[in-house]
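Presented below is the structure to which this report refers.
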Amino acid sequence: MRILPFPEGQHDAVEDRWLSELEAALSGERGGPDGESWRELREDVRALAPPIAPEFDQRLREELLRRSERSQIGRSEGRRARGLLHLTTASTAVSRLRVGGAVAAVAAAVVVLAVALLPEGRTPVRVPANSSPVGVSAGRGVATSGSSASAEKGAAVAAPAASAPPVFAPLATPAAPAAQRRQQRSASVSLSAAPAMLQTVSDSIARLAERSGGFVQSSHVQIQRGSSSEATLTLSLPSARLDAALAAIGRLAPVLDESRSLQDITGAFDAAHQRLADALAERDALLRALAKASTEAQIAGLRERLSHVRRTIAAEQSSLRAVTTQASTSEVEVSVIGNATASAEGLTLHRGLKDAGHVLLVALVALLIAGAVLVPLAILCAALFIARRLWLRHVRERALGGA
Amino acid sequence: MRGQAPRAQQTEPKGEEPEGSLDEGRFELLFRECAGDLHGYAISLLGDRSAAEDVTALAFERLYSSRAKLDARRGTPRAWLFAIARNACLDELRRRGRRPQDELRDELIQDRGACEAFEQLERRATVRSALSALPLREREIVLLKFHGQLSNAELARALGVSTSNAATRLHRALTKLRLQSADIDCQEVA
């Protein structure tokens, strides 16, 4: 079998050798008639072109010199300006401040973007206590005598709660001494907690009520995945420990809303007390009259009246106890709203890390969005640039090929 | 300037300057080295003195403007300069409908005739005729090689083709030039 050499490869080898010889001849490394012939051809080709016109050469030289001088002046001015900047510390500080300001501006823009991109419903808004409708509404149309004045005063001294952390303001003190006045107090509090923490917070509230000497009148906890979760508890707490209990509740979770009300029931208490006293006095009088009665009819009549008075006394005692209970216990309605963005108030590091992660995530999303816009634009520009270059090359080659 | 046969002085980078960058001194040196060659290339290709001057000025201006972007890995400043000039020449040819002017034919002979030996004059006239007979694409590569004094790699970069393609084209063009010259000689003898 004969092996035929590949003609193209042989041709390439010949061509390469020929080009090497040409290079050697043109560079003067190769002597002999062949080398001389190539150099002569080069000189002949070069000699065909007329020399550069001295005027043009001079003009071009001057123009380039002018450009060079302009460039050097620009560079030296730039260097001088930079040198001045570096000479003074104040200027350096100013430049650093500018850099810092720019960085701060970028950071602020990212934060603003983060806040703007957050869904409205998930914005972790912590309602400051002083902006919540906290007030002491004393006396809601209390008809009993003497209560309206205290009610007005109570309303007038409605105090806003202190700023964060939410601390419940002490209730307004009516003008009358506390020992003499009977007041019915109630409050309602809305807390925000993570849905996973809803049950825990509710249990903590119940335990707190028991520790405070009260109890849970009613409770309703509703936890739904992917939907709103809420717990509602109605507490009965000793009025004397209401402030402390509310403060403790406020520490369990961020307070969204808080309101308090106060109703003066001194009139109702006095009236009940008076009625009881009257009934007791009547009973005493009837008993005395019964002791002096001599006829059967008188005795029967007195006993009947006595029986009636005793029932009245029992009713008035019950009424008085009810009023006393109203004054000594307070009803507190606590709503715990499940909020995905809410977290425990005290965990600042955890919360800070979470917020930082959120900001980074939002920044990443912003970068992704920017990339989604810029990358196709950049690809398009690059494609246009390449297409323009290819087209330019094509038309230039056509200028050669068509001639 | 023209007629400095091989590249007498190379614009090698100086110590402090980054490789490939072109400072004022090196640019001046490049100008002194290349202005004549560049002008010769342009005028040989275009056949028009004013267009050749425009191309020369444009090439130096563009090189000066982009001297900070010069990358030594992508060729010497001389190669860059000739690549710029080539593009400018092709643009000029495109503008004028691909026809190189031949207004220098007589000027050429008059310029050279007075001072050079008759034999040399005759030989150069033969070369000129052979060169004129070449297709523009091949004439251009011969001019670029001899006026630009570029290596094959630099030639390839200026042409925007591979080195082997440039070498093949150069080989073909020079072979044709030699054959054309031989034919013309034979005709004259006959």
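The values are calculated or read from the model by the stated rules, or taken from the named source; none is laboratory data. Please read these numbers as outputs of a predicted model, since none were measured by experiment. Positions of Cβ are generated from backbone atoms using ideal geometry, with glycine treated the same way; all protein chains shown enter the neighbour counts. Note: areas computed on protein heavy atoms with side chains; ligands, DNA, RNA excluded. Shrake-Rupley method; radii C 1.70, N 1.55, O 1.52, S 1.80 Å.
What to note about this one:
- Condition broken by A:Gly267, with the remaining ones in (1) part of a helix (DSSP H, G or I); (2) under 15 Å from A:Ala187 (Cβ atoms); (3) in contact (Cβ under 8 Å) with a residue 60 or more places away in the chain satisfied: (2)
- Residues that are buried (at least 24 other Cβ atoms within 10 Å of the Cβ) and either out of contact with any Asp or Glu (no Cβ under 9 Å at 6 or more places or on another chain) or at the interface with chain A (Cβ under 9 Å from one of its Cβ atoms) (or both), drawn from the stretch B:40-57: B:Gly40, B:Tyr41, B:Ala42, B:Ile43, B:Ser44, B:Ala52, B:Thr56
- Condition check for A:Val216: free of Cβ contacts under 8 Å to residues at least 40 places away in the same chain, surrounded by 15 or more Cβ atoms within 10 Å (Cβ to Cβ) and within 30 Å of A:Ala194 (Cα to Cα): yes
- Residue in the stretch A:243-254 that is in a strand (DSSP E or B), farther than 30 Å from A:Leu306 by Cβ and of a type outside the set (A, V, I, L, M) present: no
- In the stretch B:128-171, the residues that are assigned to a helix (DSSP H, G or I), more than 8 Å from chain A (Cβ to nearest Cβ) and small (Gly, Ala, Ser): B:Ser129, B:Ala130, B:Ser132, B:Ala133, B:Gly148, B:Ala153, B:Ala156, B:Ala158, B:Ala166
- Residue match in the stretch A:265-279 (condition: in contact with a strand residue (DSSP E or B) (Cβ under 9 Å, 6 or more places away or on another chain) and either among the polar types (S, T, N, Q) or open to solvent by 60 Å² or more (accessible area, probe 1.4 Å) (or both)): yes
- Residue ID - modelled with the highest pLDDT, chosen from residues in the stretch A:48-63 that are among the acidic types (Asp, Glu) and under 15 Å from B:Val55 (Cα atoms): A:Asp57
- Within the stretch A:54-68, tally of residues that are facing chain B (nearest Cβ under 7 Å) and among the aliphatic types (A, V, I, L, M): 2
- Taken together, the residues in the stretch A:301-318 that are open to solvent by less than 60 Å² (accessible area, probe 1.4 Å) and over 30 Å from A:Phe269 (Cβ atoms) amount to 2.
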